[in-house]
Structures are given as structure tokens and as C-alpha cells.
1. Just one of the numbered conditions (1) of a type in the set (D, E, K, R); (2) in a loop (DSSP other than H, G, I, E, B); (3) under 27 Å from TYR51 (Cα atoms) is not true of LYS193; which one?
2. What single numbered condition from (1) within 18 Å of THR31 (Cα to Cα); (2) part of a helix (DSSP H, G or I); (3) under 18 Å from the mean Cα position of the chain (by Cα) fails to hold for LYS141?
3. Looking at (1) over 18 Å from the mean Cα position of the chain (by Cα); (2) not assigned by TED's automatic domain parsing to the domain that holds ARG125, which is the only condition PRO103 fails?
4. Looking only at region 173-199, which residues are of a type in the set (S, T, N, Q) and at pLDDT 95 or above?
5. Out of LEU181, LEU133, LEU161, I need the residue that is in the same structural domain as SER107 (by TED's automatic domain parsing) and closer than 21 Å to SER107 by Cβ. Which one?
6. Give the residue that is farthest from LEU64 (Cα to Cα), with candidates limited to residues of region 143-199 that are touching a Gly at 6+ places or on another chain (Cβ under 8 Å) and small (Gly, Ala, Ser).
7. Going by what's in this entry, would ILE151 be described as touching a helix residue (DSSP H, G or I) at 6+ places or on another chain (Cβ under 9 Å), crowded, with 20+ Cβ neighbours inside 10 Å and not assigned by TED's automatic domain parsing to the domain that holds ILE48?
8. Within region 154-190, can you find the residues that are assigned to a loop (DSSP other than H, G, I, E, B) and either surrounded by 19 or more Cβ atoms within 10 Å (Cβ to Cβ) or among the hydroxyl-bearing types (Ser, Thr, Tyr) (or both)?
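The values are calculated or read from the model by the stated rules, or taken from the named source; none is laboratory data. From a predicted model like this one, the values you see are computed outputs, not experimental measurements. Cβ placement follows ideal geometry from the backbone for every residue including glycine, while neighbour counts extend to all protein chains displayed.
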Amino acid sequence: MKEPIKMLGLKLPTDPRWVNIVEKNVQEILTDHAYCEQKAASTAISLIIGYPEHSELVAEMTLLAQEEMSHFKMVHDKIVERGWHLGRERKDAYVNKLMTFFPKGGSRNEQLIHRLLYAALIEARSCERFRLLSEALQDQKLAKFYYKLMISEANHYTMFLGFARKYGVREEVDRKWQELLTFEAEIMKDLGKEETVHG
């Protein structure tokens, strides 16, 4: 448990009992997960629109948007396979709270770094949650599905953090990253009680 958390930088692990909540309402977690993939694709597209001068970022975000939408399709297929349909989107309290950390405004480049750090952390937490699902779900087919996605999320986390360090001063970016991780740990104390990816 400690090793993956350490690798991701997260300061507070998810309570393992969260998986029990998820298992009682798999339809809900799949619907929430589908929308998370859609939002991730939207984030990638938004970064392309906002920072077209960064060619390497644009190239990676183009690939990411395609990958996230393919993941959306995979999750949606899982929903349909079970005879369900995609439910309505729910507010993501975790993301909404997380994105209050950095002050509004600042230079355009500073805003980019903040957006990249937020994205890195959301991917890191998703990775940690998917790892829990891959290890503890009774449904082996779904557990394997989440294991594959866990690897993708880990790659996305390192990519976003790498870009933040590329476009900013490394020491300053790392300081902000640690402060954001501490803030996120406080948020997590009140979460882990709902059948949502981040809730």
C-alpha cells in the first residue's frame, strides 16, 4: 500500500472500505467514471486551445484526448453490457475543492503550470483508486479492466507533472506540487464515502 502511494506522491491513502461502497453500486461508479474520462478529454482539448504555441504539449494533448475518449467508450460499453444506460453527470466535489487551491489570475504561464499540476494530481488519485479496484473487486473481469486503466493513469500523471516542470522553474514547481499534495490530503479526509471515482 505504501509503495504505490509513495510513487504517486499522495499523502493520504484511500480508505480500503471505499471499495465495499463501490461494489454495492457498480452502475454508479461506472457512470461517474465515464464522465471522468470525458472531462479528461475536455481538459486536453482546452490545453490545446489555450496554449497552441507549445507544440509538444499540443501533440501530447491530441493523443491524450483520443485516448480518454477511447476510455470513455470502453466504460460506456461496460455499462451497456450490463443492461444499463449512462446516467446523468454528478458534480465532482473532489475536483471542485481541489481547484480552489491556486489563486486566480497570475501570468499566462503560471496559469498553465497550475492547470498541469491539477491534472497531474487528479490522474494520480484516479490511479490510486483504480489500483484499489483492481485488487479488491470481486468481479474479476472488472478488476482486470481497472488494472489496465490504472497503468494509463500513472502515465498521464507523470506526463502532466513533467510538462509542469518543463514550463516552469523546477524548484518552484516542486514546491507548489508538495503544497497541493498537502491540500489534497486534507480534502481526502472528508471523502471516500461515495461510489464515485473521487468521492
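1. (3)
2. Tallying (1) within 18 Å of THR31 (Cα to Cα); (2) part of a helix (DSSP H, G or I); (3) under 18 Å from the mean Cα position of the chain (by Cα), LYS141 fails exactly one: (3).
3. Failed condition: (2).
4. Of everything in region 173-199, those that are of a type in the set (S, T, N, Q) and at pLDDT 95 or above turn out to be GLN178, THR182.
5. So the residue among LEU181, LEU133, LEU161 that is in the same structural domain as SER107 (by TED's automatic domain parsing) and closer than 21 Å to SER107 by Cβ is LEU161.
6. Looking at the filtered set, the residue picked out is GLY192.
7. Criteria not met by ILE151.
8. GLY168
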